[in-house]
Amino acid sequence: MKNTNIGVANLVILNKLRESYFNGNSLDESKKVTFDFLNIIKNSPILQLEFKVVNNLENKHIVNDLAATRYIDNNIKLFEVYTIAEIDAEREKLNIFLKENIGNITEANYDLERIKLYNAIDTLITESLNDYDKVDVDNIYESFTVVLNHVKEYKQNLIENVESEDVGEEILEIAVDKFNEKYAGLNEDEKNLLQLLIKTNDKEKKELLESYRTESLTLLEAINKDSVKENILKAIQKIKEMKYSKTSVVDDIIRLHELKRDLL
């Protein structure tokens with residue numbers, strides 16, 4: 001198996017943890033795997049650096065092209081003290097955690113846009129360390145464009161994104177706490193809906209959001225009570241203005257699901 005980059009590896013591990021949470025599998029076992037995974041990162045300066053750089057580029061928002069370009073370059077240059085062979089040797093330590101999952105990356109269970117970003121960052125790192133005669137200029141340009149567009153795009157932190165200077169077991173605790181805190185109030189019906197959302201791809205989430213918007217608007221427009229007319233109009237306007245966004249689609253669908261439940 002080809003050694004994978006830290007972004008994809010981290011996504012696979014956290015996806016296993018999330019599936020255990022919702023499917024009732026052994027959460028303790030998944031947490032142990034994740035702790036072991038993070039312990040390897042904690043004891044590897046190269047993997048720590050890669051984790052930090054991926055986190056920097058994934059979460060940063062810079063509108064100006066020149067400033068964004070400098071930020072990307074400065075992050076990639078941090079690897080100048082290492083060789084491709086050294087990076088590959090450290091990544092190989094992660095294969096034991098990924099061998100059962102890395103071949104199962106599909107649109108149905110992973111955000112392929114995030115994987116595209118991670119692979120683009122990986123390309124910039126490896127190409128920056130390649131010998132002059134082996135450098136693929138087209139590959140660098142395409143990958144840089146992916147990273148630049150992402151950095152310039154406004155984004156909210158996803159559940160899995162953890163902002164921390166230190167890489168260690170506390171990262172998992174923060175991720176789990178955030179996840180539990182955000183969704184602790186869900187009932188079984190809502191948890192089933194969220195589990196469905198986790199397994200759907202972006203296109204299916206967008207279609208589901210549109211379906212819930214249509215149903216909610218139909219229910220609201222059918223209410224004919226003068227006492228709540230003003231509130232109904234505000235709710236209708238807010239739903240009409242609701243747009244699909246990767247970072248908010250799960251919360252938006254859950255809110256519409258709750259509204260539909262209350263109206264029925």
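So if I check each of Ile84, Ile40, which one is touching a Lys or Arg at 6+ places or on another chain (Cβ under 9 Å), of a type in the set (A, V, I, L, M, F, W, C), surrounded by fewer than 19 Cβ atoms within 10 Å (Cβ to Cβ) and at pLDDT 85 or above? Result: Ile40 is the single residue among Ile84, Ile40 that is touching a Lys or Arg at 6+ places or on another chain (Cβ under 9 Å), of a type in the set (A, V, I, L, M, F, W, C), surrounded by fewer than 19 Cβ atoms within 10 Å (Cβ to Cβ) and at pLDDT 85 or above.
Under the condition of being assigned to a helix (DSSP H, G or I), surrounded by 11 or more Cβ atoms within 10 Å (Cβ to Cβ) and of a type outside the set (Gly, Ala, Ser), the residues counted in the stretch 235-256 number 10. Hey, does the stretch 188-198 have a residue that's outside the structural domain of Asp111 (by TED's automatic domain parsing) and at pLDDT 70 or above? The answer is no, given that none of the residues of the stretch 188-198 is outside the structural domain of Asp111 (by TED's automatic domain parsing) and at pLDDT 70 or above. Contact map, the stretch 53-73: first residue touching a residue at least 60 places away in the same chain (Cβ under 8 Å), second residue part of a loop (DSSP other than H, G, I, E, B) and exposed (fewer than 12 other Cβ atoms within 10 Å of the Cβ), Cβ cut-off under 6 Å, separation 6 or more or different chains; pairs are His61/Tyr154. Per the conditions (1) under 21 Å from the mean Cα position of the chain (by Cα); (2) closer than 19 Å to Thr4 by Cβ, the sole criterion not satisfied by His61 is (2). Only one of the numbered conditions (1) surrounded by 15 or more Cβ atoms within 10 Å (Cβ to Cβ); (2) over 21 Å from Asp111 (Cβ atoms); (3) at pLDDT 85 or above is not met by Leu259, and that is (3).
The values are calculated or read from the model by the stated rules, or taken from the named source; none is laboratory data. Not measured: the values here are computed from a predicted model. No Cβ is skipped: glycine too gets one built from the backbone with ideal geometry, and neighbour counts run over all protein chains shown.
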